[in-house]
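Accompanying notes for the structure given below.
The values are calculated or read from the model by the stated rules, or taken from the named source; none is laboratory data. Just so you know, these numbers come straight off a predicted model, no measurement behind them. Every residue, glycine among them, receives a Cβ derived from its backbone with ideal geometry; neighbour counts consider all protein chains shown. All accessible areas refer to the heavy atoms of the entire protein, side chains included, with ligands and DNA or RNA removed. Shrake-Rupley method; radii C 1.70, N 1.55, O 1.52, S 1.80 Å.
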Amino acid sequence: QVSAALKKGHVTPTELCQRCLALIKSTKFLNAYITVAEETALKQAEESEKRYRTGQPLGVLDGIPVAVKDNFSTAGIETTCASEMLKGYIPPYSATVVQKLLDQGAVLLGKTNLDEFAMGSGSTDGVFGPVRNPWSYSRQYKEKPVPESHPEDEASNWVITGGSSGGSAAAVSSFTCFAALGSDTGGSTRNPAAHCGVVGLKPTYGLISRHGLIPLVNSMDVPGILTRCVDDAAVVLGSLAGHDPKDSTTVQDNFKPFELPSLTDVSKLSIGIPKEYHAPGLSSEILALWSKAADLFKNAGANVIEVSLPHTHYSIVCYHVLCTAEVASNMARFDGLEYGHRSDMNKSTESMYAATRREGFNDVVRGRILSGNYFLLKQNYESYFVKAQKVRRLIANDFMKVFRSGVDILLTPTTLSDAVPYTEFIKEDNRTRSAQDDILTQAANMAGLPAISVPTALSERGLPVGLQFIGRSFQEKQLLTVAKWFEKQVKFPMIELEEVKRHDHGVFQHQKSASFS
């Protein structure tokens, strides 16, 4: 709708960009952005305006303000991965996905906050501080009574965004941009999407280029898409998907962008409910919502069946081994020689390496490097790394068997509960938290399958809860069509934020004008 408003001249790209920049300033307390590229954004908006004046916009995304997670390289704009190691690093090139957005005329507002090197599930471990969930400041949350709270607790009563793409999710949720890029290695796009009440899409591995995404786990990383509705996710996917000669893991086939049909009849659909996803720690509220969603499909005529993915129980341990092993390998490039932080220690090259990495990485990153190198030791390689690869194959086969049996889409929870308060979240260490929070999302990364989290309802505390749909490889159109039908049925409420009302001139007012498709 914003794209249509731009075409009709109801709003200009510059006005739109200025409103978003004003909102970024007034919601600065959320800490969603690391870098705001104000000058560049206004210049891009100006160029977009000229194209609209001559009636030659580049596409649906022309003039649309977007944000990008700070682990994607952006030419001329600082890219830090929320780490001391890359503070001040300005890449000479842009990631393929960023370049594709810019080629479509999108306006890049800035880079969003994350856990350091995307290692975490709360967006609390970056060097720039934690991201606050916009819903902490919403009317819906504030109106709910907080049990046993003292007035002095109010300031620290804010909840986390989830992670590691929390900055991108918060940016979309608080209306400072219309779409954002995240990355998804074990659920890093879907987890914050569920906690922030937005749509989070993790495409099939290989459908979108990873070139320029600073790697965490090469064999699982996928650029993720965060938007306010499913249609928008489809539009962004259409702009980003396809082969990239700079990334040998992308598909060779041409990708045809698609418009999502409005599904009216779900009777031909078979929806699988994996029993293993009734995991320990799953809140009764989410369990009830999951059952309700299954009944929704059943009552609409779909075939809803319980399925089994027997190796799910091993996936989190398997993920830990493979993730840390690849992290150890990937982090070797940060040695203080070519780019990034360099220690003043000059006794020897060895001591300079050691000091640089000690100063540049936080405990979480160092811990994962140590674990990974342990698993890759000659005497451990077979019993840890190779065994984990075999288990990964079994997990992928589980999904293949279920889909071959006639199931079209799997329906699962995205998270175990709604977002927890920050003070509660930091009581556990990063590794424990990540293991708990990734349990429902990371199996899709192990199998390379497309998955989407759709905001479903508000919890008793007035916070968003999302459900996840997992589809067959490269069947994004079917996955998104089902997600769109579900989104239409649940009618998730709009966040009510004071800051947005203050800057609103009609663009952000009603439910779907927050979308651009």
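Within segment 1-43, the set of residues being surrounded by 22 or more Cβ atoms within 10 Å (Cβ to Cβ), among the β-branched types (V, I, T) and part of a loop (DSSP other than H, G, I, E, B) comprises T27 only. Of the residues making up segment 307-338, those that are part of a loop (DSSP other than H, G, I, E, B), surrounded by fewer than 20 Cβ atoms within 10 Å (Cβ to Cβ) and not hydrophobic (A, V, I, L, M, F, W, C) number 4.
Consider segment 288-306 and keep the residues that are without any contact (Cβ under 8 Å) to a residue 24 or more places away in the chain and under 22 Å from G462 (Cα atoms). The one that is surrounded by the most Cβ atoms within 10 Å (Cβ to Cβ) is K292.
Select from segment 225-277 the residues that are without any contact (Cβ under 8 Å) to a residue 40 or more places away in the chain and of a type in the set (D, E, K, R) and list them in ascending order. Across segment 225-277, the qualifying residues are D253, K256, E259, D265, K268, K275, E276. Return yes when L114 is assigned to a loop (DSSP other than H, G, I, E, B), modelled with pLDDT of 95 or more, among the aliphatic types (A, V, I, L, M) and closer than 19 Å to T227 by Cβ and no when it is not. So L114 fits the description; yes. Looking across T481, T432, one residue alone is among the hydroxyl-bearing types (S, T, Y), open to solvent by 10 Å² or more (accessible area, probe 1.4 Å) and more than 27 Å from R368 (Cα to Cα). It is T481.
Per-residue answers, yes or no, for (1) surrounded by 17 or more Cβ atoms within 10 Å (Cβ to Cβ); (2) modelled with pLDDT under 95; (3) over 21 Å from A171 (Cα atoms):
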residue	(1), (2), (3)
T204	yes, no, yes
S209	yes, no, yes
V217	yes, no, yes
D232	yes, no, no
V235	yes, no, no
A241	yes, no, yes
T250	yes, no, yes
F255	yes, yes, yes
S262	no, yes, yes
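Among the residues making up segment 83-105, those that are in contact with a strand residue (DSSP E or B) (Cβ under 8 Å, 6 or more places away or on another chain), outside any loop (DSSP other than H, G, I, E, B) and under 16 Å from P245 (Cα atoms) are V97, V98. Considered as a group, the residues in segment 48-77 that are small (G, A, S) and in a loop (DSSP other than H, G, I, E, B) include one that is farthest from Y33 (Cα to Cα), and that residue is G55. Cβ-Cβ contacts under 6 Å between residues 6 or more apart (or on different chains), taken from a first residue in segment 350-376 that is farther than 12 Å from S83 by Cα to a second residue that is of a type in the set (D, E), are listed as Y353/D335. Please count how many residues of segment 64-82 are in contact with a strand residue (DSSP E or B) (Cβ under 8 Å, 6 or more places away or on another chain) and open to solvent by 50 Å² or more (accessible area, probe 1.4 Å). Residues flagged as in contact with a strand residue (DSSP E or B) (Cβ under 8 Å, 6 or more places away or on another chain) and open to solvent by 50 Å² or more (accessible area, probe 1.4 Å) within segment 64-82 amount to 1.
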